[in-house]
1. Among the numbered criteria (1) part of a strand (DSSP E or B); (2) closer than 16 Å to ASP73 by Cα; (3) open to solvent by 40 Å² or more (accessible area, probe 1.4 Å), which single criterion is violated by TYR171?
2. Which ones in the stretch 144-162 are closer than 23 Å to ALA126 by Cβ and not acidic (Asp, Glu)?
3. Specify which of the listed residues (ILE107, ILE120, ILE161, ILE98) is outside any helix (DSSP H, G or I), in contact (Cβ under 8 Å) with a residue 24 or more places away in the chain and either open to solvent by less than 50 Å² (accessible area, probe 1.4 Å) or under 16 Å from VAL66 (Cβ atoms) (or both).
4. Report whether or not THR136 is hydroxyl-bearing (Ser, Thr, Tyr), out of contact with any Pro (no Cβ under 9 Å at 6 or more places or on another chain) and in a helix (DSSP H, G or I).
5. Restricted to the stretch 133-147, and to residues that are hydrophobic (A, V, I, L, M, F, W, C) and touching a residue at least 12 places away in the same chain (Cβ under 8 Å), which residue is surrounded by the most Cβ atoms within 10 Å (Cβ to Cβ)?
6. Since VAL59 meets every condition but one in (1) within 30 Å of GLU160 (Cβ to Cβ); (2) modelled with pLDDT of 55 or more, which condition does it not meet?
Amino acid sequence: MNTTDISTHRNRATALASPPETQHTAGRRQFVKTLAGFSLAIFSVATYAQSTGTSDTIVSQKQKLVIQMSDADAAKWNLALNNARNVQEELGADKVEIEIVAYGPGIGMLKMDSAVNTRITEATQAGVQVVACENTMRNQKLAKADMHPEISYAPSGVTEIMRRQREGWSYLRP
């Protein structure tokens, strides 16, 4: 047998070993290739959307912001309250949770007679949670009756902020 005969013999053996490709088999092969390409495209789009922050999962998660207020300065309080309002306007009040935590010298701004009392009312009515530190209140001999009626309380302002950060809340100190 020469080389041409061997080559022809191999081709005949291969042809006999595998059945001829039918139109059905070719269609199935094309379908599998198309499905694989489509799956790759979907995966690529989903990966891109997640990396750019536009995936439904990221967008639908409620954003959370804790704001520290430990200053007795009305201007800083107004800044913090403006920040809270701006965040709500930018993201949508229903898509963000905001908590302002007051302790130390900042606690006095939560009293009924404070310079920002009206702004505190506006913020709480807009859904902003305003929290007073009970440790500071005790040290300054303040009672809940002295405080704005729409605020809430935490045993410790600092640990409240720490807890919120541990839960994944963003932190702001104006």
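1. Here TYR171 clears every test but (2).
2. Hits for the stretch 144-162 are LYS144, MET147, HIS148, PRO149, ILE151, SER152, TYR153, ALA154, GLY157, ILE161.
3. It is ILE98.
4. On the way: hydroxyl-bearing (Ser, Thr, Tyr): yes; out of contact with any Pro (no Cβ under 9 Å at 6 or more places or on another chain): no; in a helix (DSSP H, G or I): yes.
In short, no.
5. Per the criteria, the residue is CYS133.
6. So VAL59 meets the others, but not (2).
Each row is one residue, and each column tells you yes or no for (1) under 15 Å from ALA154 (Cα atoms); (2) touching a helix residue (DSSP H, G or I) at 6+ places or on another chain (Cβ under 9 Å).
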{"position": "GLY92", "(1), (2)": "no, no"}
{"position": "LYS95", "(1), (2)": "no, yes"}
{"position": "ILE100", "(1), (2)": "yes, yes"}
{"position": "TYR103", "(1), (2)": "yes, yes"}
{"position": "GLY106", "(1), (2)": "yes, yes"}
{"position": "MET112", "(1), (2)": "no, yes"}
{"position": "ALA126", "(1), (2)": "no, yes"}
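The values are calculated or read from the model by the stated rules, or taken from the named source; none is laboratory data. Quick caveat: nothing in here was measured; it's all calculated off a predicted structure. Please note: Cβ atoms are built from the backbone with ideal geometry, for glycine as well, and neighbour counts cover all protein chains shown. Note: accessible area is taken over every heavy atom of the protein model, side chains too, but ligands, DNA and RNA are not part of it. Shrake-Rupley method; radii C 1.70, N 1.55, O 1.52, S 1.80 Å.
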